[in-house]
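The values are calculated or read from the model by the stated rules, or taken from the named source; none is laboratory data. Just so it is clear, the structure is predicted and the values come from calculations on it, not from any experiment. A quick note on method: Cβ atoms are made from the backbone with ideal geometry, for glycine too, and the neighbour counts reach across all protein chains shown. Please note that ligands, DNA and RNA were not included when accessible areas were found on the heavy atoms of the full protein model with its side chains. Shrake-Rupley method; radii C 1.70, N 1.55, O 1.52, S 1.80 Å.
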Amino acid sequence: MRELTYYVAVSIDGFIAGPDGEFDRFLSEGDHASGIAKKYQGTAPTDLAERAGFPIDGGPFDTVLMGWNTYAVGLPELPNPYRHLRQIVFTRGHVAPQGSESVEFTDRDPVEVVRELKAEEGKGIWLCGGGALAAVLQDEIDRLALKRNPMLFGDGVPLFERRDYAPASFRPTGITPYESGVVLAEYVRG
């Protein structure tokens, strides 16, 4: 059975973006970049990976899931950001932009969709963001891969946009600190 991995950059106070969706404060350069990029190969947008010479094949995922706000970060320049992966965007009422022909837009229940995806053959499923979608899918997430950045945001989009108390246990499978201050923290449900 396929696994759903929430792989995302996060501040040390638990935000995946600023209050207006800003994510430019996350460190993109440093000693962490090549090691994490190699382990999670194929998670850079296709055009960026091709320009930078990053391989896009052979990574752990063949499907990426996004909420509309995460997807819309690249618009209008990147209407088809991860052409090398199956792309599913969860949205209610947004119209598919021109150039997004290979992106699947759905207003279906994300839990139902993920359960169907897990039953299919294939590689892992990557939950790219955002926090609201992660909260809906919390019980379906098998692994967490958090690129903890050495900064406080103070406010913004939380890792999980949840307001109710619902403990779920994960155990660490790897903690890799880098000189840049980024820590790759990996967990599995259990």
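Structural remarks
- Any chance Ile88 is aliphatic (A, V, I, L, M) and open to solvent by 20 Å² or more (accessible area, probe 1.4 Å): no
- Members of region 162-175 found to be modelled with pLDDT of 95 or more and either open to solvent by 50 Å² or more (accessible area, probe 1.4 Å) or closer than 17 Å to Gly14 by Cα (or both), listed by number: Ser169, Phe170, Arg171, Pro172, Thr173, Ile175
- Search result, residues across region 100-120 that are touching a residue at least 40 places away in the same chain (Cβ under 8 Å) and open to solvent by 20 Å² or more (accessible area, probe 1.4 Å): Ala119, Glu120
- Checking each residue in region 19-75 for being assigned to a loop (DSSP other than H, G, I, E, B) and polar (S, T, N, Q) picks out Ser28, Gln41, Thr43.
- Subset tally (residues that are of a type outside the set (D, E, K, R), touching a residue at least 60 places away in the same chain (Cβ under 8 Å) and assigned to a loop (DSSP other than H, G, I, E, B)) for region 122-171: 11
- Here is the figure for region 51-85: residues that are open to solvent by 60 Å² or more (accessible area, probe 1.4 Å) and either among the basic types (Lys, Arg) or touching an Asp or Glu at 6+ places or on another chain (Cβ under 8 Å) (or both) total 2.
- Considering region 83-98, the residues that are part of a loop (DSSP other than H, G, I, E, B) and in contact with a helix residue (DSSP H, G or I) (Cβ under 6 Å, 6 or more places away or on another chain) include one that is farthest from Thr43 (Cα to Cα), namely His94.
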